[in-house]
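One structure is given below, encoded as structure tokens.
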Amino acid sequence: MSHKLNLNQPAPDFTLKDGDAREWRLADQRGKVVVLLFYPGDETPVCTRQMCSVRDRWADYQATGAEVVGISSDSVDSHRKFAEHHGLPLRLLSDADGQVSKLYGARSLIPGKVARSVFVIDAEGILRYQDVRPLGLLKPKDDVIISAIREALSRL
């Protein structure tokens, strides 16, 4: 079952593996703002544009000090190849069984697919921004995400 998260509430904790098969746990990121970028799939046109846009603006993301990760249902191996192919600097996490996307309500109108979504979680683990796009035809704008990060930082 898909959930709808409420802003200004604690973000649900989870652990997923990245493209190097290393575990990444949300709770371990306390003390910094975290951005979760859910996307439908590696090497698909809009997703590739979205992740390459993040790559191209990486200095701006890094300047905020936020931890930015991509999440899709693709495998660890697929993520590794996708990141290498496009020179992606962010960690890509494998939500192969879709449990984390369900937990966050990041589910597409297309059955079994992840919705293109952005969640910004502040340093205390509180959800401060969410943008869930069940059809996901347009990628989120980097400037909007960076503004949401700065907003979360201003709450410290």
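The values are calculated or read from the model by the stated rules, or taken from the named source; none is laboratory data. Everything numeric here is computed off the predicted structure, so don't read it as measured data. For neighbour counting, all protein chains shown are included, and Cβ atoms are generated from backbone atoms with ideal geometry for every residue, glycine included.
For this structure, a couple of remarks:
- Residue 140 surrounded by 15 or more Cβ atoms within 10 Å (Cβ to Cβ), within 25 Å of residue 21 (Cα to Cα) and modelled with pLDDT under 95: no
- Of residues in region 44-73 being among the charged types (D, E, K, R) and at pLDDT 95 or above, the one nearest to residue 124 (Cα to Cα): 67
- Considering region 89-116, and only residues there that are assigned to a strand (DSSP E or B) and modelled with pLDDT of 95 or more, the residue that is surrounded by the fewest Cβ atoms within 10 Å (Cβ to Cβ) turns out to be 91.
- Single unsatisfied condition, residue 138 versus (1) farther than 26 Å from residue 27 by Cβ; (2) outside any loop (DSSP other than H, G, I, E, B): (2)
- Each residue in region 14-34 was checked for being in contact (Cβ under 8 Å) with a residue 24 or more places away in the chain and touching a strand residue (DSSP E or B) at 6+ places or on another chain (Cβ under 8 Å), and 11 of them qualify.
- Taken over region 1-49, the criterion of being part of a strand (DSSP E or B) and surrounded by 14 or more Cβ atoms within 10 Å (Cβ to Cβ) is satisfied by 16, 17, 18, 24, 34, 35, 36, 37, 38.
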